[in-house]
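Heads up: the structure comes next, in structure tokens.
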Amino acid sequence: MGPASRKIPIVAIATATGKAGVGIVRISGEDLKGLANAITNKTLEARTATLVQLHNQEKQLIDTCLAIYFPGPHSFTGEDVLELQCHGGPQLLDLVLQRCLQLGSALDLEIAEPGEFSLRAFLNGKIDLAQAEAIADLIDAQSHAAVMGAARSLQGAFSDEINELVEALTQLRILVESTLDFPEEEIEFLENAHAREQLSDIRERLHCLVSTATQGRILRDGIQLVLVGAPNVGKSSLLNCLAGEEIAIVTAVAGTTRDRVKESITLDGVPIHIIDTAGLRPTEDAVEAIGIERTWASIRAADVVAFIEAPDAQSAELGLQAAVMAALPTGCASLHLCNKADLVVERARRQELGLLHVSAKTGAGIPELKSAILNCVGWQAGQEDVLISRQRHIDCLLRAEAALNKASLFALEGNRALELFAEELRLAQEHLGQITGRLLPDDLLGKIFSQFCIGK
Ligand SMILES: Nc1nc2c(ncn2[C@@H]2O[C@H](COP(=O)(O)OP(=O)(O)OP(=O)(O)O)[C@@H](O)[C@H]2O)c(=O)[nH]1
Ligand SMILES: [Mg+2]
């Protein structure tokens, strides 16, 4: 039985494993009053912190802790929730967990599956799906800006935008569907109801939302930036320069980097995962060949590939750039850099559209490179109010957009097919509804919540 359908009470250690000042064990279930009293040996007042002692079966003291009881529906999950704020030792928390399971066995208390608390909050209508995802994103946030974006989405700012759009679509659908019963009026319908204007307004808003969600996805997932080029062009030096630290080995020997070297930095709040790779060249060396195969694998998984050349290297002769460009995955952006700009006098520099001259040695052109990295994935710098979102949301928005594009064709003069128009509106609404979870297949729920951590 999947977590979406079980009703039994659940328990989990809600805090991360490891030593900490405080560790929390949390239980959620439909009627926990008796169990809460049994565990704490006290009658707990609702939403009040009470100092309690926890004992094992032999009546030996396990811990003195704070207990808070939240009777449903005014709790995170919407069910009764008991929170035990213990000392944060992994062995101690395990003892508390075991004791809870023992006392809760009559209620079939079980250890929660990953994300099951949030799933229950969603199923009980406490939060919608996009908000539930924002909880996981808040915990996983890779930068301060991502924390703030997730907090705004958790509060419902992203969901509100979706809901407003769904509402506008509902209004338009009501108009269209009510006209379907009176075919003779169809001709005037679109004009009279300003349906086309309404549709184009919705499409415009949806388009803005795609761009909002794209920003949110970049903030959530960050950017995989892969540095590639012939040996010795200065890939590792650029990694070190961007990271502000000596991460990768740099030498004048071509073929220094064998394995991928990774380092993450933050630019304008966006996590950038930089991957320095083995220089690309034909080789007989078995180890280097494996390194080069890894370079190609990194290219195939990149968001941005920076192809680097240097005035003293023969990238062009190797036909490398074309081969790299041909290997880019769909949607991957690319940058073309000429490193070692310090070796060339300004007026002798190759002028080529889009070619960025940088120097890992002097730092020249590095600020421009940083902006170019963000620009090429569509990040709009200096945004204060990004809402965190995921690829799943973008996919739904794009499907809704495609349906509305079709609808607008049906609404064209001379090609009026009101039923088809209505159907595309319905589909668009359905795709949007999947973002907040109004209409969602059960298996998708399981997939989304299984990516949460246990205890959340
Ligand atoms: N003058 C100058 N030298 C540089 C610059 N960047 C790197 N170098 C030098 O170029 C040589 C190769 O640098 P690396 O960073 O190891 O080059 P790489 O592309 O990682 O080389 P492989 O790992 O062998 O593929 C080293 O001697 C660096 O000091 C630069 O901007 N200017
Ligand atoms: Mg290197």
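The values are calculated or read from the model by the stated rules, or taken from the named source; none is laboratory data. On a predicted model such as this, the values are computed, not experimentally measured, just so you know. Glycine gets a Cβ as well: all are built from the backbone with ideal geometry, and neighbour counts include every protein chain shown. Calculation scope for accessible area: heavy atoms of the full protein, side chains included, ligands and nucleic acids excluded. Shrake-Rupley method; radii C 1.70, N 1.55, O 1.52, S 1.80 Å.
Looking at this structure, is Thr295 open to solvent by 20 Å² or more (accessible area, probe 1.4 Å), among the hydroxyl-bearing types (Ser, Thr, Tyr) and closer than 30 Å to Ile218 by Cβ? Full working, then the answer.
Working: open to solvent by 20 Å² or more (accessible area, probe 1.4 Å): no; among the hydroxyl-bearing types (Ser, Thr, Tyr): yes; closer than 30 Å to Ile218 by Cβ: yes.
No: the conditions fail for Thr295.
For region 378-416, how many residues meet the condition of being of a type in the set (A, V, I, L, M), open to solvent by 20 Å² or more (accessible area, probe 1.4 Å) and at pLDDT 90 or above? Please lay out each step first, then the result.
The first filter runs over region 378-416 and keeps only residues of a type in the set (A, V, I, L, M), leaving 381, 386-388, 394, 397-398, 400, 402-404, 407, 409, 411-412.
Filter once more, so that each one left must be open to solvent by 20 Å² or more (accessible area, probe 1.4 Å): 381, 398, 402, 409, 412.
Retained after the next criterion (residues that are at pLDDT 90 or above): 398, 402.
Summing the residues that are of a type in the set (A, V, I, L, M), open to solvent by 20 Å² or more (accessible area, probe 1.4 Å) and at pLDDT 90 or above in region 378-416 gives 2.
Kindly indicate which of Ala132, Ala146, Ala168 is surrounded by fewer than 20 Cβ atoms within 10 Å (Cβ to Cβ) and small (Gly, Ala, Ser). Reasoning before the result, please.
Details: Ala132 fails: surrounded by fewer than 20 Cβ atoms within 10 Å (Cβ to Cβ); Ala146 fails: surrounded by fewer than 20 Cβ atoms within 10 Å (Cβ to Cβ).
When all the criteria are applied, what remains is Ala168.
Show me the strands (runs of 3 or more DSSP E) entirely contained within region 294-375 in which 1 or more residues are assigned by TED's automatic domain parsing to the domain that holds Ala248 and farther than 25 Å from Glu246 by Cα. Before you say what the answer is, go through the steps one by one.
Details: elements: 304-309, 333-338, 355-357.
Qualifying strands (runs of 3 or more DSSP E): 333-338, 355-357.
Pairs needed: first member in region 139-155, within 13 Å of Leu387 (Cβ to Cβ); second member anywhere, of a type in the set (Lys, Arg); C-beta distance under 7 Å; at least 6 residues apart or different chains.
Ala146/Arg220
So, of the residues in region 268-289 that are open to solvent by 50 Å² or more (accessible area, probe 1.4 Å) and not hydrophobic (A, V, I, L, M, F, W, C), which turns out to be farthest from ligand 1 (Cβ to nearest atom)?
Quick first cut of region 268-289, residues open to solvent by 50 Å² or more (accessible area, probe 1.4 Å) only: 268, 281-282, 284-287.
Subset that is not hydrophobic (A, V, I, L, M, F, W, C): 268, 281-282, 284-285.
Numbers: Asp268: 24, Arg281: 8, Pro282: 14, Glu284: 16, Asp285: 12 Å.
If we take residues in region 268-289 being open to solvent by 50 Å² or more (accessible area, probe 1.4 Å) and not hydrophobic (A, V, I, L, M, F, W, C), then Asp268 is farthest from ligand 1 (Cβ to nearest atom).
List the number of the failed condition for Gln224; all other conditions in (1) at pLDDT 95 or above; (2) assigned to a helix (DSSP H, G or I); (3) polar (S, T, N, Q) hold.
Every listed condition holds for Gln224 apart from (2).
Quick check on region 212-223. Is at least one of its residues open to solvent by less than 10 Å² (accessible area, probe 1.4 Å), near ligand 2 (Cβ under 10 Å from one of its atoms) and closer than 30 Å to Ile394 by Cβ?
no
In the set Ile249, Ile265, which member is within 16 Å of ligand 1 (Cβ to nearest atom) and either β-branched (Val, Ile, Thr) or in contact with a Gly (Cβ under 8 Å, 6 or more places away or on another chain) (or both)? Can you show your working first?
Numbers: Ile265 fails: within 16 Å of ligand 1 (Cβ to nearest atom).
So the residue among Ile249, Ile265 that is within 16 Å of ligand 1 (Cβ to nearest atom) and either β-branched (Val, Ile, Thr) or in contact with a Gly (Cβ under 8 Å, 6 or more places away or on another chain) (or both) is Ile249.
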